[in-house]
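Visitor: Below: one structure in structure tokens.
Throughout, read-outs are computed from the coordinates displayed, never taken from laboratory work. Note that this is a predicted model, so its numbers are computed, not measured. In this analysis, Cβ positions are derived from the backbone assuming ideal geometry, glycine residues included, and neighbour counts consider all displayed protein chains.
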């Protein structure tokens, strides 16, 4: 990953678009039809094997968050930005996403779910963590990710995870303890273990998506494959009656709570998928141009899609609930047949693809544009040596006053 | 030359330097450098030019220079400090290395061991190597460098050089060695010491010493000195008498076209060859005795004769890269190939340097006879030279150098420079004959005397305060 | 060394005569092909001239027609050398010609010629061959030193500061450091052959060797090349020191971060237990 334009690999955009698509489908189906029908709906069937791909949306997305940050970091360093300005931009992005997460929760999931610790607050927290951790060697970051995964089961046990999920969703008291525990361990996307995904994406991104072939392809495959094998081993141990998944007696592969097998399997799966995508898509992008053309606008507007798809399918749900005189959340997860929800999801994706493709072609501002405007430092004029760090120049002006 | 400056409110020390050769000029230069106050220097020179044995005249037939006196300087820098080389370079004078050493023996050119072996057999090669090993053991490069100083070479055998040659060299090698060093020795081996003889052999070894000359003529050193010293120079003004005054000063009687003249000085430096010292009259009996003793100790005259030819074309490939070669003729003489000193010259210059008894014996012959004799000694490689002579010059240096510098038993450095130090401390002597009969030696001598005088002046000024 | 030893015979040349001998040369003339470091050929034209044993009184300084032979040899060497275009490091483009007591020696970096009596010719050829090898070795070291010097300026920042970006070129810096060491070693081992003092009494071989060294300024070139190699070595040595310091700092940093991560994990465990204990009571 060296040149700025070459750093945005098509495989990254494709994987992110796939994650977004999966997310939209999962959310549409689960929010509109999660418990629909006598057999408990797809949600109840989340333990079913055919629903397994649904569990990969968040792992792919959070993994690629770390990888994208790594790319962004390299671009800033190539533009000779100072460490100060990079840290400031990272912290601003983190705080914006963190705050946006709360706002989103209030506006979409209603005020009582403000501290449900969804994916936006997770990514915001991750950005703040990476502002500090980016100074650490990759080995330490991977160790931190491994520690996050390894500590998750005992933390979940210590925190009493299942008590917060008795209703089938995250339910908490407005106390400091519950709010903090939700952020750390028991929420929808708590730090433990979800911090591991972006950290692995940050550390292994150069290995998986390296353009200059200095790292053999065998490494990422070996790592991903190894993790998948580990996941299978954990499942086998569970089936043999081991203590490895104490929280979920029904299934070793659960997303809520994220079981050890789930964590290992999804991390390994994302690494393998990334390697495979890089080996096929990036090696011959012209052959896959139609797919890349579909994926790239969606990938570039991931945040917009996230916000928009919730608004599109959740707000009508609340409006219908309110209109029928009951609690606005009365029809949550039982409103529609799963096939209808699925169709709506597909329709939304089609519309979103068109919309964001059009926005890209017309350079229409989006939420991402706003975020860059708010958070990133403007590019300084280039010197004769290509150094363009405005903060360095302004520091030089301030020096006499500082004395 | 600048006129002497009178120090405001004080007496100006007056020093006379008798002799305008390299010794006198070196003494004046060092006095200018070392004295802590202005000194009134006067140089008396009997001839109508400065320079003594450093003389680079020009032919009449063409504006080509040649060396009439000392043809080369000795570079001691491989072993130690070389003040003469440093002085020459400080004047910005370019130097040219001088290589050579081919010796004509029995009509054959011997340039190296292979030539020697080819001419006289493997035994001769071994003999020369053995002699060389003995010579190197007798005098180390450091001892060679320090020769002439108070440093004594304990390993150097005493005695005459002819005895050493008889003991250490086979007859064949002896002939070769005598031809090689005769022109430098300027005296028969029987008339010089082992040390001096060996020095003249070892000077051919680059580990001990190298040869060089000043590009454009060695006399440029004299010119450079003359333009830099602050002194009054009286040419064609020989000093006839040296006396003391009642107040302890020195009175010199000089003769010039203007007549006789007496002048008083605070100190006198006699920078003259031994033969010229003999012609001086000393008024004081003690001084006369001391000087007679000094002269007797150092009276070992050696003679040189220079024959130089201007040719109508350069010497060509026959000369090769060498600057000189040694001939057997005249008991051993040096043939200088001076064309190589000025590579762009359109004429050639060949010069013979005869030394020792041959030079003294031939000095009475006419120039034409000498030139004819010289041409007869030319090696076959230079046979074409006969028809190329445009002009010839002869210079006779009878008793101009010492064949045994320092005498059979060198005196201490101080004693040799102030022969009457106990009774007449203001009289000093400078000369190459006190050291090694070289320009390097006379520089050392001059530096010693100038340093001594300057120290005396400093001490005197402290006392008057 | 040939130039030092009075009595030993000279080293043998590389074998293999070159087939193309110029026409009009005396019988016995040949072209020998030597191999110089680092594998370059050197063609030596050997021309025996008048045999002095036939007339012992003949002056070796001017054997018959030697001047014409010398001219022809010089033309051959010049033409051959120009075609190879071997001159590149400040040596005079024209071949170096040395008349030497009845012999004649011509040298150019890729070709040479010796003229002399049959009893002398082998000494001359051997000495010239040895000199050519030394000169070629020095020329090669000069070239390698020049290449290093060309990269020193761009690599010099790494001698002051080593960071993540410089890490990417670490292997390149290491290779250049080893090359600087190799060049220095080569110059050091060549030193005694270049700075050999003149011997006395001289032999023909020692006289020729001395003249060849003087005319090609071998000692000055060696000194200059050594100075440049020393400079490059110092820069790359400093780069190596910075790289080592950086590696140590990185490992220390890694350890510090590992401690931080472990502490955070421990604090998290403690915090979760405290919060859980607090909420349950």
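Visitor: Cα-based Rg (one decimal) and Dmax (whole number) for the range A:279-347, in Å?
Guide: 17.8, 57
Visitor: Related question: Can you pull a Stokes-Einstein diffusion coefficient for the range B:26-155 at 4 °C (1.567 mPa s), Rh from Kirkwood over Cα pairs, as a whole number of µm²/s? Please list the in-between numbers first.
Guide: On the way: Rh = 19.7 Å.
Stokes-Einstein gives a translational diffusion coefficient of 66 µm²/s.
Visitor: Relative to the first principal axis of the alpha-carbon coordinates of chain B, what is the inclination of helix B:122-138, with its axis defined by its Cα atoms, in degrees from 0 to 90 and to the nearest 10?
Guide: With rounding to tens, the tilt is 20 degrees.
Visitor: In Å³ and rounded to a whole number, note down the convex hull volume per residue for the Cα atoms of the range A:325-373. Numbers along the way, then the final one.
Guide: Values: hull volume 6.4 nm³, N = 49.
Taking the convex hull of the Cα positions in the range A:325-373, it is 130 Å³ per residue.
Visitor: Work out the P(r) tail for the range C:137-280: percent of alpha carbon pairs separated by more than 24 Å, whole number.
Guide: Numbers: 5805 of 10296 pairs.
In whole percent, the share of Cα-Cα pairs in the range C:137-280 beyond 24 Å is 56.
Visitor: What is the average number of partner chain Cβ atoms found within 10 Å of a Cβ in C:260-270? Walk me through the intermediate numbers first.
Guide: Values: counts 5, 10, 3, 0, 4, 7, 1, 0, 8, 5, 0.
Per residue, the number of nearby Cβ atoms from other chains is 4 on average.
Visitor: Based on the Cβ-Cβ distance from residue B:62 to residue C:71, what FRET efficiency comes out when R0 is 41 Å, to the nearest 0.05? Mind showing how you got there, number by number?
Guide: Numbers: r = 29 Å, r/R0 = 0.70.
So the FRET efficiency works out to roughly 0.90.
Visitor: Provide the percentage of antiparallel DSSP beta bridges, counting only those with both residues in the protein assembly as shown; round to the nearest 5.
Guide: Values: 70 of 97 bridges.
Here the antiparallel bridges make up roughly 70 percent for the protein assembly as shown.
Visitor: Provide the FRET efficiency to the nearest 0.05 for the residue C:160-residue C:182 pair, computing r from the beta carbons and using R0 = 35 Å.
Guide: On the way: r = 24 Å, r/R0 = 0.70.
Working from the Cβ atoms, E equals 0.90.
Visitor: Can you give the percent of C-alpha pairs in the range B:253-400 whose distance is more than 22 Å?
Guide: Numbers: 5941 of 10878 pairs.
So the portion of pairs separated by more than 22 Å is 55 percent.
Visitor: Relative to the longest principal Cα axis of chain B, at what angle does helix B:367-376 sit, 0 to 90 degrees, rounded to 10?
Guide: 40
Visitor: With N residues in chain B, what two-decimal value do you get for its Cα radius of gyration over 2.2 N^0.38 Å? Spell out each step's value before the answer.
Guide: On the way: Rg = 22.8 Å, N = 465, 2.2 N^0.38 = 22.7 Å.
Ratio of Cα Rg to 2.2 N^0.38 Å: 1.01.
Visitor: Can you pull the mean other chain C-beta count within 10 Å for peptide A:137-144? Mind dumping the intermediate values first?
Guide: Numbers: counts 8, 1, 5, 9, 2, 0, 5, 7.
Mean number of neighbouring Cβ atoms from other chains: 5.
Visitor: Could you line up B:352, A:358, A:288 from fewest to most neighbouring Cβ atoms inside 10 Å?
Guide: Working: B:352 25, A:358 11, A:288 18.
Lowest to highest Cβ neighbour count: A:358, A:288, B:352.
Visitor: Separate question: Write down Rg/Rh for the protein assembly as shown, rounded to two decimals, with Rg from the C-alpha atoms and Rh from the Kirkwood relation over Cα pairs. Please list the in-between numbers first.
Guide: Details: Rg = 50.2 Å, Rh = 39.4 Å.
In the protein assembly as shown, Rg relative to Rh is 1.27.
Visitor: Rg (Å, one decimal) plus Dmax (Å, integer) for the alpha carbons of the range A:149-235?
Guide: Both quantities, over Cα of the range A:149-235: 17.3, 52 Å.
Visitor: By how many degrees, between 0 and 90 and to the nearest 10, does the Cα long axis of helix B:285-298 differ from the longest principal axis of chain B?
Guide: 20
Visitor: Still on this model: Averaged over B:99-107, how many beta carbons belonging to a partner chain fall within 10 Å of each residue's beta carbon? Let's see the in-between values first.
Guide: Working: counts 5, 0, 4, 2, 0, 1, 0, 1, 3.
Taking the mean over all residues of the peptide, I get 2.
Visitor: Further question: Taking R0 as 60 Å, what's the FRET efficiency between residue A:290 and residue C:33 from their Cβ-Cβ distance, rounded to 0.05?
Guide: 0.35
Visitor: Return C:184, C:120 ranked ascending by Cβ neighbour count within 10 Å, so the fewest neighbours appear first. Intermediate values should be presented prior to the final figure.
Guide: Working: C:184 18, C:120 25.
Exposure proxy ranking, most exposed first: C:184, C:120.
Visitor: Here is a further query. Going by how many other Cβ atoms sit within 10 Å of their own, how do B:328, B:338 line up, fewest first? Show your work: numbers first, answer last.
Guide: On the way: B:328 19, B:338 24.
Sorted ascending by nearby Cβ count, the order is B:328, B:338.
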